Amino acid sequence: MPELPRPGVVSSEEAPSAFSPYVTLSPSASLDAAPQVFRAYLRLPAGSVVDLDRVGLFEGELGAGHLRQIVHGELSKALSERRIPALTWVEEPPADDMVIVVAPTVPLNPGEVYSLASGVPETVETLRIAQEASPFLSRIWPPLGLSATTSFGVWCGPNSLPLIADVIELEPDGPAGTLRRDAVDGIGHACVRFESTRENTDDGPFIGPPTVAVGGGGVGGLDPRPFMVEAPPVELRESACAEGEVGFGPGCASVSDDRILVHSPEMPLLWAVGGEGVDLVAAAGPGEPFLISELMPSAVINLKVIAIDVAGRPLESTFSSTTLDPMPHVIINEVLANPVGAEPAQEWVELYNDGTVAAQLSGYILEDVGGQTPLPTATLLPGAFALVVNETFQEDDELDPSPAEGTLLLRVPKLGKNGLANGGEPLRLRDFAGKIVSRVPALKVSRPGMSLCRTTPRAPDGLAGTFVASYPDPGRENMVKGEVE
């Protein structure tokens, strides 16, 4: 691609002898090692004429022809598709210059090249995102497309954060408020929240700060999804609990030994649960489940429960119960319905005991669309795997991965009515009492030799994304590697 002349533009590393347009970043960084989340400042001489409709950030480098399109405000379809979503505004000018702010509203890809371009004035600058991604906090609330407020938002990451209490203002011209650690006071130490002291009357879009302190002197990027009013508030409706369930705030819960399965009511809610060593934040869609785990079995528990709606309004309650005695938890962990090897001989369903005591599998039944497959008498130890396979299954057919050494093989006369459906079919596992203890949705895996695997053993069956296509790991912990197109 021909190099585009840059009319007077210099990078932030150079100190111009006379004022000419140049670009700086916040947080401060080299243009050759920009962070995933940033604000770019195009600094111009005071009194410059600007056209914000002709300012943008684009994937890759731009040539002279691309700049002409931007100058004339007539972007081709190909160039439009390369444009990165961003908010752009003119900052209140300091004494000597004016500043155009470009704030991407999506995180950028490590190692990739982008171009910041303006048609009026004519300017282009190339940036490269640092190869090493910094810590990143995802925006989990309000949910995308359903937000009813610009005055409340929550980001969460994988690790606990230091105490934070920063006064900030969403931009451009958004509400002022405070950025604090925790999703709510005292719960969600891996999260930060923005709360405004007043409900803003403008629907946005506004954007939060690009970074937050993550401890040890480091900073992490904050998901730059804009704050917008996208939907009206939803009236809170409490669930009608089924037999065996108890009320849990506005939702319902099934109490087990070391875990509680909670179902949200038919509305999206952000849940914050604390107490008994629990520090849980979960964003749940209408009717979606989430799991509270690592509780003490056979114990009285007391939890603080806060449910927050799409308008940022909290509903606080407490929950008390007694957990059950230790028990097995047998789940469907992985399914290979379309092996590279012979079908149906090399098909299998992997079970895993996520409980703390052994499971006696006599009386368990695996169901598919075509019927039922009773499991043979066997003991599945805590933390152990079993493969339900056809009698003709070969452990090493030199085509598909072999089961890990020591994997329990449960050979049955017939797995599925005519084998497992390559196009996907629902599977259910019932225990000896007839209760459904695990299920798999009807998801298609497009390539032979790929399995459908659970992302984590404790991901609830009804949660979107619980099962994904990946490379098979029979008899081993699932290492979700993703399907290759």
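The values are calculated or read from the model by the stated rules, or taken from the named source; none is laboratory data. Just so it is clear, the model here is predicted, and its values are computed rather than measured. Backbone-built Cβ (ideal geometry, glycine too); neighbour counts: all protein chains shown.
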- Query: Could we say that P403 is over 24 Å from A469 (Cα atoms) and surrounded by 13 or more Cβ atoms within 10 Å (Cβ to Cβ) here?
  - Reply: no
- A careful count of residues in the stretch 75-118 that are more than 27 Å from A64 (Cβ to Cβ), assigned to a loop (DSSP other than H, G, I, E, B) and free of Cβ contacts under 8 Å to residues at least 60 places away in the same chain gives 4
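Please go through the stretch 373-400 and pick out each residue that is buried (at least 18 other Cβ atoms within 10 Å of the Cβ), more than 19 Å from S438 (Cα to Cα) and in contact (Cβ under 8 Å) with a residue 60 or more places away in the chain. Let's see the steps before the verdict.
Our first condition is that a residue be buried (at least 18 other Cβ atoms within 10 Å of the Cβ); within the stretch 373-400, this holds for 373, 375, 380, 385-390, 393, 400.
After this cut, where a residue has to be more than 19 Å from S438 (Cα to Cα) as well, the list is 390, 393, 400.
Within the stretch 373-400, just D400 meets the criteria.
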- Taking G47 and the conditions (1) outside any strand (DSSP E or B); (2) surrounded by fewer than 21 Cβ atoms within 10 Å (Cβ to Cβ); (3) over 32 Å from the mean Cα position of the chain (by Cα); (4) on the phi < 0 side of the Ramachandran plot, which numbered condition does it fall short on, given that it satisfies the others? (4)
- Task: Considering each of L399, L375, L408, L420 in turn, give the residue that is closer than 22 Å to R454 by Cβ and touching a Pro at 6+ places or on another chain (Cβ under 8 Å).
- Result: L420
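Say we look at the stretch 308-332 and pick out the residues that are small (G, A, S) and surrounded by fewer than 17 Cβ atoms within 10 Å (Cβ to Cβ); which of these is farthest from K435 (Cα to Cα)?
By that ranking, first place goes to S317.
Grab the strands (runs of 3 or more DSSP E) fully contained in the stretch 384-470, keeping just those with 2 or more residues being more than 30 Å from I292 (Cα to Cα). I'd like the intermediate steps shown before the answer.
Values: elements: 385-390, 408-412, 427-430, 436-440, 451-454, 467-470.
Counting at least 2 such residues, we get 385-390, 408-412.
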- Item | Candidates T105, T88, T123 - the one that is more than 14 Å from F38 (Cα to Cα) and among the β-branched types (V, I, T) | T123
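Quick one: how many residues across the stretch 133-148 are in a loop (DSSP other than H, G, I, E, B) and more than 20 Å from the chain's Cα centre (by Cα)?
Counting residues in the stretch 133-148 that are in a loop (DSSP other than H, G, I, E, B) and more than 20 Å from the chain's Cα centre (by Cα) gives 0.
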- Task: Considering only residues that are of a type in the set (A, V, I, L, M) and not in a loop (DSSP other than H, G, I, E, B), look in the stretch 297-316 and name the one that is nearest to G275 (Cα to Cα).
- Result: L303
- So, in the stretch 325-341, of the ones that are touching an Asp or Glu at 6+ places or on another chain (Cβ under 7 Å) and part of a loop (DSSP other than H, G, I, E, B), which residue ends up farthest from L443 (Cα to Cα)? D325
- Message: Condition first: in contact (Cβ under 8 Å) with a residue 60 or more places away in the chain and of a type in the set (A, V, I, L, M). Can you find one or more residues in the stretch 465-475 that meet it?
- Response: no
- Of these, V300, V278, V273, V262, which one is β-branched (V, I, T) and touching a residue at least 40 places away in the same chain (Cβ under 8 Å)? V273
- Message: Can you pull out every residue in the stretch 227-286 that is within 14 Å of W141 (Cβ to Cβ), in the same structural domain as P297 (by TED's automatic domain parsing) and small (G, A, S)?
- Response: S264, A272, A282, A283, A284, G285
- Message: I'd like the residue in the stretch 209-259 that is charged (D, E, K, R) and out of contact with any Leu (no Cβ under 8 Å at 6 or more places or on another chain) and, out of all such residues, is surrounded by the fewest Cβ atoms within 10 Å (Cβ to Cβ).
- Response: E243
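Can you give me the number of residues within the stretch 288-297 that are in contact (Cβ under 8 Å) with a residue 40 or more places away in the chain and either in the same structural domain as L144 (by TED's automatic domain parsing) or closer than 15 Å to G249 by Cα (or both)?
The total comes to 4.
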